[in-house]
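> Have a look at the structure that comes next, please.
The values are calculated or read from the model by the stated rules, or taken from the named source; none is laboratory data. Keep in mind that what you see is a predicted model, and the values were worked out from it rather than measured. Here the Cβ is made from the backbone with ideal geometry for all residues, glycine too, and neighbour counts use every protein chain on show. Note: areas computed on protein heavy atoms with side chains; ligands, DNA, RNA excluded. Shrake-Rupley method; radii C 1.70, N 1.55, O 1.52, S 1.80 Å.
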Amino acid sequence: MSTEVQEQETETEAETEPAESPHQSRRMEQKRQRAAQRDLEEEARTEIDDAEETVEIKVFRFDPEVAGKEEPRFDTFHVPFFKGMTVLDALIYARDHYDSSLTFRHSCRQAICGSDALFVNGTQRLGCKTQIADLEDHLSSTIRIEPLPHQEVVKDLVVDMEHFYDQMEAVEPFFDADELPDGELEEQRQDRENREKIKMSTRCIWCGACMSSCNIAAGDNEYLGPAAINKAYRFAMDEREGESRKQERLNIIEQEHGVWRCQTQFSCTEVCPKDIPLTEHIQELKREAVKNNLKFW
Amino acid sequence: MHEHDVLVIGGGGAGLRAAIAAHEEGADVAIVTKLHPVRSHTGAAEGGINAALRDADSWEDHAYDTMKGSDFLGDAPAIETFAKNAPEEVINLEHWGMPFSREDDGRVSQRPFGGLSFPRTTYAGAETGHHMLHTMYEQVVKRGIEVYDEWYVTRLAVTDHDDPEDRVCHGCVAYDIKTGELAGFQASGGVILATGGLGQAFDHTTNAVANTGDGPAMAYRAGVPVEDMEMIQFHPTTLPSTGVLISEGVRGEGGILYNDEGERLMFEYGYANNEGELASRDVVARAELTEVNEGRGIDDEYVHLDMRHLGEERILDRLENILHLAEDFEGVDGLEEPMPVKPGQHYAMGGIEVDENGETCIDGLYAAGECACVSMHGANRLGGNALPELLVFGGRAGAHAGGRDLGEAQIPTGQSAKSEDEDVDTPVAPGAIDTGDEDVAADGALVDPDEVVDHHVDVEEQRVESLLEKDDGVNHAEVRADVQETMTQNVNVFREESNLKEALEDLRVARERYQDVYVRDPSRTFNTDLIHTIETRNIIDVAEAITLGALAREEFRGAHWRAEHQERKDEDWIKHTMLAWNDGNPDLYYKPVILEGEDKTYEPKERSY
Ligand SMILES: Cc1cc2nc3c(=O)[nH]c(=O)nc-3n(C[C@H](O)[C@H](O)[C@H](O)COP(=O)(O)OP(=O)(O)OC[C@H]3O[C@@H](n4cnc5c(N)ncnc54)[C@H](O)[C@@H]3O)c2cc1C
Ligand code: SF4
Ligand code: FES
């Protein structure tokens, strides 16, 4: 997709009220009064925290089938700022008040579903976890919100995740123990240290931020990428799986488009919202792979 | 048309467990889900999964705690089936590689949770749900189960027999979010609804944006009664600004609640002299709001939850995720300061009426997980009981639909389970306004599976087209916001008759406005405007069922507090509130609670903590 985009200002006025029935208008009038009452209280509260401020967000727009949107462009929205506001909150505000066609994925709004990884001011971040107040000059300059780079854009901020999912599945991302303990209710014991070792790697929420930040992945479509390799790490290091399975796992990550492609640029580690030490995990697997080969030579 | 033996709608914990179970029976099973499975809200669960795993514990104690916790509105056959099967399900997860927290001997750790007589909550840090969801999705990948992700199910394809109990479900209609294409899905073995919670009916909730009650709304309109919808759990510890949950695990590990005066409120004001912070959720939520109402809240809004005294090491070992949540969403460092918390909508104890095998009164239609009501949570769910519920009953629904004989269910369903003959007056006619999409012909003519599915696809095609074509009207977001606001104002922790009536009026207005709703985005590509508009209709239907049930239940039981009725009235109210859509003429009726278990009868006792 071309990065040349037009810019366009969008009306940021609220929708006009639709016609109402008499019964309805009486109810709505009461409602408005209640709302006004609340608004006053709210205002009184926020005035102290100096509201009245707005943030300007510039959002990437694109829709392959709608006239006027098939050429990528940026739309600008002015959104009232409140303390604790996140990038996702700003997007939701813009969508619900100004343009309901503004499209982005989101669900949990607590950094666990991994669906709202975005490119905010040039960095991969989760919209819900990014406080506007933490962005530099958030009140004086525009916040730029784009879809994850190096992924095909479906519409607005939504990218196609299929390739990411395919890479995750390529490492056989499932527990596969050589043998299970006897007796249905018997547990497979796991040392606390071993759980500690794999703990960080199990936190991945499949957001795709790391993959999108990786130069190697951008140039080599077959590279497994940091998230998938981390997934492989999670199982390869789990002592409950057994040696033969670990061997198979190492074979997968040692292949041509596996760990050896990584050039330790750390970009994945920098953007991971779950603080997973991705580069370190990749390095550790490289070392395992070397040991592994030495065994045979 | 897509054809499978078993269709699972929803890829959260319940849906994944059901799919695996059906697959184990040899069925060709597919999951249809509006979010990719790993995006489901099960991933947000923090605290843990209850199961009687140790010798000093027993399934009988787990069953008793659950019945008591439910305030005697749970059905014994459901609760006993649940407590007996939970251990096996948890070990199953362990065998699938779930990274549980461990004891020194390498066994799965357990911790205390509210309302439990034994520390039987297994957990993986404070991110139990994330690990459970991913572990099960991994097993789905391993088994090669087909997943239609980002497909939104809009309607169930049922035959048009007059009596819902004669109807058969042959499949569903779904909409491919990426392309806008509507397609029919047919299932010969059964359709399992596993669509999760309905928290979006409220504006301060721990639930995800996708939790819009689609399952209960679709099943209700197809003719399945919804049960005990008024029973909504408000969690006592949510962050005031966002509703993000601070796990009960914090109190389980020893976290303390303080009011503005620095008093340990649970003891200071006698809300729970024995259990203190670990009393059941309804008790703690009311305690906090009472503090706020009596002027001892902080900023007139919340109280403090303090875990600093637990020490950094223990916090990092067991509650690390809580530190991140408090920091990211409230800007508070839990190691240095207490965290602000207040009650928020959290869980729907009621839902689609099913029996212990997951079946509804419509043949071939099942439900499991939070969208269903077996019923085992009754008037109050114990923390850590929802995740094992979706394992046990998701597994049973999947196995049954996949062909396994689970024996005769003991919980009766459908209108024939009615306890009283006399008609109960519905305080306000629910759903009385026709919104143009309820066209079940009800003449029994539509029976052939292909025809049934095709017919429902046509109906949905028209609905979607008219929404997309309309040029002007009301934005669904305004209607949704009104519903959420009135529910939070009027159908919250404390409920009064006048407020409940006001909410019903507001919901009626919302329904009227919804008739003018339009979708501004004309695109067929990833049209979230359209999806949210359809969801909003579902939100209105479930909000109304909640409010009606709350108005009708004139007593105080579990999470359902009524200003005018300050006591539990066992004589009249040990019964389930049922609401049946009845092709647009809803019926309110009751069905008895089953207190007889396999070898014992649960005697209602005063709940004290
Ligand atoms: C913050 C939080 C913490 C919790 N902590 C705990 C805990 O510690 N212990 C415990 O026992 N319980 C806990 N609970 C409760 C428990 O997590 C939930 O009840 C449970 O995870 C719900 O699982 P589910 O499979 O029913 O639904 P979900 O996981 O919500 O899945 C619903 C699925 O249905 C799909 N879907 C919905 N509508 C449609 C549609 N129309 N078409 C297609 N697909 C659709 C969604 O895409 C999703 O895949 C917690 C709940 C919350 C909100
Ligand atoms: S490793 Fe981190 S950045 Fe990459 S997908 Fe997982 S959570 Fe996202
Ligand atoms: S909305 Fe779920 S990760 Fe941001």
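> Quickly work out the A:Gln265-to-B:Lys142 label distance, labels modelled 7 Å from Cα along the C-beta direction, and quote it in nm with one decimal.
My value for the distance between the label points is 3.5 nm.
> Tell me, in nm to one decimal, what length is gained between B:Asp28 and B:Ala563 on full extension, where the rule is 0.36 nm per residue of separation less the Cα-Cα distance?
On the way: separation 535, 0.36 × 535 = 192.60 nm, distance 5.15 nm.
Gain in length upon complete extension: 187.4 nm.
> Please work out the average accessible area per residue across segment B:111-223, using the 1.4 Å probe convention, and give it in Å². Provide the component values of the computation, followed by the final result.
Numbers: 2210 Å² over 113 residues.
Ligands and nucleic acids excluded, the result is 20 Å² per residue.
> In whole Hz, with x marking every Gly and Pro, tabulate ³J(HN,Hα) for segment B:215-231 from phi via Karplus 6.51 cos²θ - 1.76 cosθ + 1.60, θ = phi - 60°.
x, x, 5, 5, 5, 4, 6, 7, x, 8, x, 9, 10, 6, 5, 5, 7
> Further question on the same structure: Hey, can you grab everything whose amide H is under 5 Å from the amide H of B:Gly414? Only 5+ residues off in sequence or another chain; H modelled, so Pro and N-termini drop out.
Here B:Cys361 satisfy the definition.
> Something else about it: With r defined as the distance between the Cβ atoms of B:Phe267 and B:Arg54 and R0 fixed at 25 Å, what FRET efficiency is calculated, to the nearest 0.05?
That pair, B:Phe267 with B:Arg54, gives E of 0.25.
> Let me ask another. Roughly how much accessible area, to the nearest 100 Å², goes out of reach of solvent when B and A pair up, both sides summed, probe 1.4 Å?
Values: alone 21280 and 17510 Å², together 32170 Å².
The summed interface area works out to 6600 Å².
> Still on this structure: When the helix-only estimate is applied to the protein assembly as shown (DSSP H runs of n ≥ 4, each -39,500 (n - 2.57), divided by the residue count), what is the mean residue ellipticity at 222 nm, nearest 500 deg cm²/dmol? Don't skip to the answer; put the middle values down first.
Working: 26 runs with 319 residues, N = 906.
Here the helix-only value at 222 nm equals -11000 deg cm²/dmol.
> Also, I was wondering about something else. How much of the DSSP beta bridge set in the protein assembly as shown is antiparallel, as a percent to the nearest 5?
65 percent
> Given a Förster distance of 60 angstrom, what is the FRET efficiency for A:Asn292 paired with B:Glu505, based on the Cβ-Cβ distance and rounded to 0.05? List each step's numbers first, then the result.
On the way: r = 71 Å, r/R0 = 1.18.
It comes to 0.30.
> Quantify, in whole percent, the carbon and sulfur part of the accessible surface of segment B:34-113 (1.4 Å probe; protein heavy atoms only). Don't jump to the answer; show the numbers that get you there.
Values: 770 of 1840 Å².
The C+S portion of the solvent-accessible surface of segment B:34-113 is 42 percent.
> Under a 5 Å amide H to amide H cut-off, with H placed in plane at 1.01 Å, what residues pair with A:Thr86 once short-range neighbours are removed?
Here the answer is A:Ile132, since their amide H atoms fall under 5 Å of that of A:Thr86.
> How do B:200-211, A:178-189 rank on mean C-beta neighbours within 10 Å, highest first? Before the final figure, lay out each step's value.
Details: B:200-211: 25.8, A:178-189: 12.8.
Ranking the peptides B:200-211, A:178-189 by packing returns B:200-211, A:178-189.
> Using the alpha-carbon atoms, what tilt in degrees (0 to 90, nearest 10) does helix B:528-552 show relative to the longest principal axis of chain B?
In chain B, helix B:528-552 runs at an angle near 70 degrees to the longest axis.
> While we're looking at this one, here's another question. Suppose R0 equals 25 Å; then what is the FRET efficiency for B:Glu497 and B:Asp300 from their Cβ-Cβ distance, rounded to the nearest 0.05? Don't skip to the answer; put the middle values down first.
Numbers: r = 26 Å, r/R0 = 1.02.
That pair, B:Glu497 with B:Asp300, gives E of 0.45.
> Once both axes come from the Cα atoms, what is the angle between helix B:281-293 and the longest principal axis of chain B, in degrees from 0 to 90, rounded to 10?
70 degrees
> Convert each backbone phi in segment A:273-288 into a coupling constant with the Karplus relation 6.51 cos²θ - 1.76 cosθ + 1.60 (shift: θ = phi - 60°), then list the ³J(HN,Hα) values in order as whole Hz, x for Gly and Pro.
Per-residue couplings from phi come out as x, 9, 6, 6, x, 4, 4, 4, 4, 5, 4, 5, 5, 4, 4, 4 Hz.
> Here's another thing I want to ask about it. Give me the one-decimal nm value for the distance between modelled label points at A:Asp160 and B:Lys418, 7 Å along each residue's Cα-to-Cβ direction.
Each label point lies 7 Å from its Cα, and together they span 5.6 nm.
> Let me ask you something else. Could you work out the relative contact order of segment B:262-318, using alpha carbon pairs under 8 angstrom and six or more residues apart, expressed as a whole percent? Could you put the intermediate results ahead of the total?
Working: 30 pairs, mean separation 10.9, N = 57.
Relative contact order, segment B:262-318: 19 percent.
> Using the Karplus curve 6.51 cos²θ - 1.76 cosθ + 1.60 with θ = phi - 60°, work out ³J(HN,Hα) for each residue of segment B:477-486 in order, rounded to whole Hz, and write x for Gly and Pro.
In residue order, the calculated couplings are 4, 5, 5, 4, 4, 4, 4, 4, 5, 5 Hz.
> With 31 Å as the limit, write out which pairs from A:Lys129/B:Lys84; A:Lys129/A:Lys246; A:Lys199/A:Lys291; A:Lys155/B:Lys342 have Cα-Cα distances beyond it, or answer none. Each step should come with its number before you reach the end.
Details: A:Lys129/B:Lys84 40 Å; A:Lys129/A:Lys246 35 Å; A:Lys199/A:Lys291 23 Å; A:Lys155/B:Lys342 38 Å.
Long pairs (Cα-Cα over 31 Å): A:Lys129/B:Lys84; A:Lys129/A:Lys246; A:Lys155/B:Lys342.
> By its C-alpha gyration tensor, with a ≥ b ≥ c as the square roots of the eigenvalues, how is the protein assembly as shown shaped: rounded for a/c under 1.5, else prolate for a/b larger than b/c, else oblate?
On the way: a/c = 1.24, a/b = 1.11, b/c = 1.12.
Judged from the Cα gyration tensor, the protein assembly as shown comes out rounded (a/c under 1.5).
> Treat each spin label as a single point 7 Å out from the Cα along the C-beta direction, and report the A:Ser140 to A:Leu185 distance in nm.
The answer from the label model is 6.7 nm.
> Under the rule of at least 5 residues apart or a separate chain, name every residue whose amide H is placed under 5 Å from the amide H of B:Phe494.
Residues meeting the amide H criterion: none.
> While we're looking at this one, here's another question. Checking the a/c ratio against 1.5 first, then a/b against b/c, what shape does the Cα gyration tensor give for segment B:474-574?
Values: a/c = 3.51, a/b = 2.74, b/c = 1.28.
Prolate shape, in that a/c is at least 1.5 and a/b is the bigger ratio.
> Additional query: Taking Cα atoms, how many degrees apart are the long axis of helix B:320-330 and the longest axis of chain B, rounded to 10 and kept between 0 and 90?
Tilt relative to chain B: about 70 degrees.
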